[in-house]
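For reference, the structure is listed below as structure tokens.
The values are calculated or read from the model by the stated rules, or taken from the named source; none is laboratory data. Remember, it's a predicted structure, so these values are computed and weren't measured experimentally. Cβ atoms come from the backbone with ideal geometry, glycine included; neighbour counts cover every protein chain shown. Keep in mind that these areas ignore ligands, DNA and RNA; they rest on the heavy atoms of the full protein, side chains included. Shrake-Rupley method; radii C 1.70, N 1.55, O 1.52, S 1.80 Å.
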Amino acid sequence: MHPDHRSGELPDPFIERLAAQLREPVSLSPEVERVVLDRLRTRPARRRWPGVAGALAAGIAAAFGAGLLVGRWTAAPSAGVPSVRPVEFALRMPADSAVVLVGDFNDWNPAATPLHRATDGVWSVTVPLRPGRYRYTFIVDGTRWHRDPAAPRALEDDFGAPTSVITIAQR
Amino acid sequence: MRRVILLLALGLLLRSPAAAAAQDPRLEARLDSATRVRVEAALESARREGLPTEPLVQKALEGASKGAPGPRIVAAVATVLADLRRAREALGPAAAEDDLVAAAAALRAGATPAMIGEMRRVAPHGAVAVPLAVFTDLVAGGMRTDVAWRSVADLARKGGDDEAFLRLRDRLEPAPPGSAPEAP
């Protein structure tokens, strides 16, 4: 942090001089003042919009604005949004060289969530999850699919590879 | 002036959330064009009907990740959509997304719409997501549908909270400690 910005320091004389100049009222020539005032007086009359087109545009703009606001409200964290919990996934595979996690929480992307190996051959990773139900599985050495032996099996294995499921409860 | 207003309105319509949501970039990157078109049609149907689309997207991405052929992905997505429709019929139009997803899975596991409706009535605060998820897990673990249902419904009538349902599942279907992972 720059020392000049510390609180309790005396103000910089140059900054003070500049601020004093900015506080001075700006005087306009009578001609400029007249033109500005004329414009201000006539503006309301010139801003009248054609009735139907104006109403249509205003309605669409209002709906669009409301949509944006709703989108922001729903996307932003709030008191009603469930909190995220760290959830650890682990798989004991001492003889293998890579394990990744894919599931509903990472778009089933094999590059998104690699597990890290501990000395005992257990691979693990912690993923922040909101309350809900997630299907997932492990990919070992890039080719072999393994479901989590410590979690319930997913009933709907639509694609033939074993899948597990985890349910995170609300607190 | 009128032309400017109409152009502005057209631009706003094209930038609307509905138009932006019509194509999911995640699908574009992972599915071939024929499969993507059919999956996006299912997504559009779900949107029109007010059903959640994320379970459909995830099903398609799961299929892509597992190397499933396009028609199989489309069929799986269509099944999820059908399950969600049945779930909403059972739970009503105001059902929360988590409840709908859990009910869809429970229906697939063998629950009937009447059972889902009953759970809605007896579950604390009408929140059925975790009770139905536990029912599905128990059936997936090999328990008979009627036995699994009785266990879950009894706990719901007693006012069990979400954690109690998860404990029930762990008690009835303990995870095999140190068991070898299942081969594909």
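How big is the accessible area of A:Ser97 in square angstrom, nearest 10, if you roll a 1.4 angstrom probe over the protein chains?
Only protein atoms counted, so the area is about 100 Å².
Hey, any idea what % of the stretch B:20-94's accessible area is carbon plus sulfur with a 1.4 Å probe?
Numbers: 1820 of 3410 Å².
Within the stretch B:20-94, the accessible surface is 53 percent carbon and sulfur.
Using alpha-carbon positions, what is the distance between the centroids of the stretch B:94-144 and the stretch B:67-93, in Å?
16
Chains B and A: buried accessible surface, both sides, probe 1.4 Å, rounded to 100 Å²?
On the way: alone 11110 and 13150 Å², together 20450 Å².
Counting protein atoms only, the buried area is about 3800 Å².
Find the accessible area per residue for the stretch B:34-184; the probe is 1.4 Å, ligands and nucleic acids are left out, and the unit is Å².
Counting only protein heavy atoms, the per-residue value for the stretch B:34-184 is 44 Å².
Give, ordered by residue number, each residue of the stretch B:53-79 whose 1.4 Å probe accessible area is reduced by a minimum of 40 Å² on adding the remaining protein chains to the chain alone.
At a threshold of 40 Å² (probe 1.4 Å), the residues of the stretch B:53-79 that become less exposed are B:Gln58, B:Lys59, B:Glu62, B:Ser65, B:Lys66, B:Arg72.
So, with +1 on the Cβ of K and R and -1 on the Cβ of D and E, and no other charges, what is the size of the charge dipole of the stretch B:94-175 about its Cα centre, to the nearest 20 debye? Let's see the in-between values first.
Working: 10 positive and 12 negative charges, 64 e Å.
That gives a dipole near 300 debye.
Evaluate 2.2 N^0.38 Å with N set to the residue count of the stretch B:63-184, then give the Cα radius of gyration divided by it.
On the way: Rg = 15.6 Å, N = 122, 2.2 N^0.38 = 13.7 Å.
Relative to the rule-of-thumb radius for its length, the stretch B:63-184 sits at 1.14.
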